[in-house]
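*Asks:* I have a structure here, written as structure tokens, and I will follow up with some questions on it.
Read the figures in this text as sums done on the coordinates, not as results from a lab. Being a predicted model, the structure only gives us computed values, none of them experimental. Here the Cβ is made from the backbone with ideal geometry for all residues, glycine too, and neighbour counts use every protein chain on show.
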Amino acid sequence: MHRRDLLALVGMAGTSGCLRLQESGPAAADTTTPATGGPDGDDADTEPSTGEEDTGDTVGIGEVTLTERWTDGWHVNDGWVSNQTFYLSGTDGVGTAHQSEMGWTAELADDDVLGTEAFGISGGRAVFGLSPDPDGEGYSPEVGAQFYAYDHPAGEKAWRFDAPPDARHNYARGVAVVDGVAAVGSHTYGMDIDYDPLVTGVDMQTGEQVWDTHLAEVGGRYLVDIATYDGAICVGSTGTSDAGITLLDPATGEIVKHYDRIRMSTDGAAVSGSSYYPCAFDQMAAYSLDDGSTRWSTDVDDRIVAQPVVDNTLVVCGTVAGTVYAIERDTGTVRWQASVDETVESVALSVSHVWAANQANGLTGFARDGGSVVHRSTQDVSDLAVYDDTLLVGGDDTTAYTIE
């Protein structure tokens, strides 16, 4: 199971996906977003962690090279960055990594679960969402999605919460934490089923359910992501014209605002500032979270499948046709576009570069400003994450590189 999300969390709140970068510093301590991307602008005064001295091999061709810092046999599907730590989820279980080495790991293979696009953290307690493994010995469609909380840096398990075992909530989709409550999402995929996309509020200390909200009542069939905005839980859902963006009260789960007729696909979305950036099949768009109005929309050449990464100036996404788009965050103008020949599975942002990966061709780096190719290397890549000068490549193995 390969997801294309380890995304950039700079300026993003909430979680929906994979190795992503999060803004460092006290203001971002309790927020996360999918983990690809590096600090840009607002993080200029943050000193990078140096880690250990680079001693590994240099890979790739081009003016930018990657020097291996360390590698580990841990398989990664998705990851996020918070407070200089990579948080990882995959077929082996969940865990952490640093610029210099792997951190703690928790093997969950015996639980027959797979990591998915669901992660949130607050006060040193991290919540991972996992889905039943269809190839697991004990698999049943009746088994619900599972959410595990671990304390960092010790890696001790705090609690586990299970979604309803009713064949309608067996896929974990999103976690966001606000005011001591983890909003965890679950749904299922299929045709002609009793759709019930569900967001459940779970007490971060005890793991007990506080509330649940069924997004079917606003037309949702599938969850797109869960994030935070202005003290509320921000949920994207799709499936009918009535679905869209829903803001929930974190204390009660009650619907505070709902904006319908928001075009989006299940391939992901990002929240940055007061805007919501969903994949919309062959279109990238930005919507106001204050009134639901369209700020811009930009057509692309095919379906967007690499979940968008957003930082202070750019929105980056990738399509089935193999095109990487760098779009101006505030206007929707395409700054540049470039091809990697096959479906783009993951994208990431760093201060000077845009990174794109797929299983067919490996890793490509582009100059952030003009889109010229600055790096190519062939390697197994499922997802990407960037923090400071460190690029974390997830796949059958996990490897950290220094960007040089």
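*Asks:* Sum up the charges of everything whose Cβ sits under 11 Å from the Cβ of Gly219, counting Lys and Arg as +1 and Asp and Glu as -1, but leave Gly219 out. Intermediate results must be reported in sequence, preceding the final value.
*Replies:* Working: positive: Arg221, Arg261; negative: Glu217, Asp242, Asp260.
Once all neighbours under 11 Å are counted, the net charge is -1.
*Asks:* Here's a follow-up. Using only alpha carbon pairs under 8 Å that are at least six residues apart, calculate the relative contact order of segment 69-223 and give it in whole percent.
*Replies:* Numbers: 389 pairs, mean separation 21.4, N = 155.
Once normalised by length, the contact order is 14 percent.
*Asks:* Another question about this same structure. Can you run phi through the Karplus equation (6.51, -1.76, 1.60; θ = phi - 60°) for segment 184-200 and list ³J(HN,Hα) in whole Hz, with x for Gly and Pro?
*Replies:* For segment 184-200, the Karplus-derived couplings read 10, x, 8, 7, 9, 10, x, 10, 6, 10, 7, 5, 8, x, 10, 10, 10 Hz, x marking Gly and Pro.
*Asks:* Let me ask something additional. Placing unit charges on C-beta atoms (Lys and Arg positive, Asp and Glu negative, everything else neutral), compute the dipole magnitude of segment 6-403 about its Cα centre in debye, rounded to 20.
*Replies:* Working: 17 positive and 64 negative charges, 192 e Å.
Roughly 920 debye for segment 6-403.
*Asks:* May I pose another question? Order these by the 10 Å Cβ neighbour count, fewest first: Arg368, Arg335.
*Replies:* Least crowded to most crowded, the residues run Arg335, Arg368.
*Asks:* Tell me, in nm to one decimal, what length is gained between Glu63 and Asp212 on full extension, where the rule is 0.36 nm per residue of separation less the Cα-Cα distance?
*Replies:* 48.5 nm
*Asks:* Can you tell me the FRET efficiency between Glu404 and Asp151 if r is taken as the Cβ-Cβ distance and R0 is 35 Å, rounded to the nearest 0.05? Can you show the working numbers first?
*Replies:* Details: r = 35 Å, r/R0 = 1.00.
E(calc), rounded to 0.05, equals 0.50.
*Asks:* Can I ask one more? By average Cβ neighbour count within 10 Å, what is the ranking of 62-75, 80-93 from highest down? Each step should come with its number before you reach the end.
*Replies:* Values: 62-75: 17.3, 80-93: 25.9.
Ranking the peptides 62-75, 80-93 by packing returns 80-93, 62-75.
*Asks:* Rank these for me by crowding, Met264, Met204, Met191, going from fewest to most other beta carbons within 10 Å. Walk me through the numbers before you get to the answer.
*Replies:* Values: Met264 26, Met204 22, Met191 4.
Least to most surrounded, the residues fall as Met191, Met204, Met264.
*Asks:* Tell me, in nm to one decimal, what length is gained between Gln205 and Glu142 on full extension, where the rule is 0.36 nm per residue of separation less the Cα-Cα distance?
*Replies:* On the way: separation 63, 0.36 × 63 = 22.68 nm, distance 2.73 nm.
Stretched out fully, the Gln205 to Glu142 stretch lengthens by 19.9 nm.
*Asks:* Could I have the simple spin-label model distance between Thr378 and Lys257, label points 7 Å from Cα toward Cβ, reported in nm to one decimal?
*Replies:* If labels sit at Thr378 and Lys257, their model points lie 5.0 nm apart.
*Asks:* What is the sum of charges, Lys and Arg at +1 and Asp and Glu at -1, for the other residues whose Cβ falls under 9 Å from the Cβ of Arg173?
*Replies:* Details: positive: none; negative: Glu117, Asp225.
Residues near Arg173 contribute -2 overall.
*Asks:* May I ask you to sort Ile255, Ile403 by Cβ crowding, counting other Cβ atoms within 10 Å and putting the fewest first? Working shown, then result.
*Replies:* On the way: Ile255 16, Ile403 21.
The fewest-first ordering by Cβ neighbours comes to Ile255, Ile403.
*Asks:* Between the alpha-carbon centers of segment 279-304 and segment 65-84, tell me the distance in whole angstrom.
*Replies:* Between the Cα centres of segment 279-304 and segment 65-84 lies a distance of 30 Å.
*Asks:* What FRET efficiency comes out for Asp162 versus Asp290 if R0 is 45 angstrom and r is the Cβ-Cβ distance? Round to the nearest 0.05.
*Replies:* Working: r = 35 Å, r/R0 = 0.79.
So, using R0 = 45 Å, E works out to roughly 0.80.
*Asks:* Show the residues, 5+ positions off or on another chain, whose built amide H is closer than 5 Å to the amide H of Gly103.
*Replies:* Under 5 Å from the amide H of Gly103 lie the amide H atoms of Thr96, Ala97, His98, each far enough along the sequence or on another chain.
*Asks:* I'd like the distance between the alpha-carbon centres of segment 207-273 and segment 113-148, rounded to an integer number of Å.
*Replies:* 20
*Asks:* Highest first, please rank the peptides 95-106, 272-283, 220-231 by the mean number of other Cβ atoms sitting within 10 Å of their residues. Can you show the working numbers first?
*Replies:* On the way: 95-106: 18.5, 272-283: 21.2, 220-231: 24.2.
Ranking the peptides 95-106, 272-283, 220-231 by packing returns 220-231, 272-283, 95-106.
*Asks:* Where a ≥ b ≥ c are the square roots of the eigenvalues of the C-alpha gyration tensor, would you call segment 356-404 rounded, which needs a/c under 1.5, or, failing that, prolate if a/b is larger than b/c, or oblate? Display every interim value, and only then the final one.
*Replies:* Details: a/c = 2.22, a/b = 1.27, b/c = 1.75.
Oblate, since a/c reaches 1.5 and b/c is not below a/b.
*Asks:* With just the Cα atoms of segment 6-403, tell me how far they stretch along each of the three principal axes, in Å, largest first.
*Replies:* Principal extents (Cα only, largest first): 53, 44, 40 Å.
*Asks:* Would you calculate the separation in nanometres between label points at Asp192 and Ser100, each defined as 7 Å from the Cα along the Cα-to-beta-carbon direction?
*Replies:* So the two model labels end up 6.0 nm from each other.
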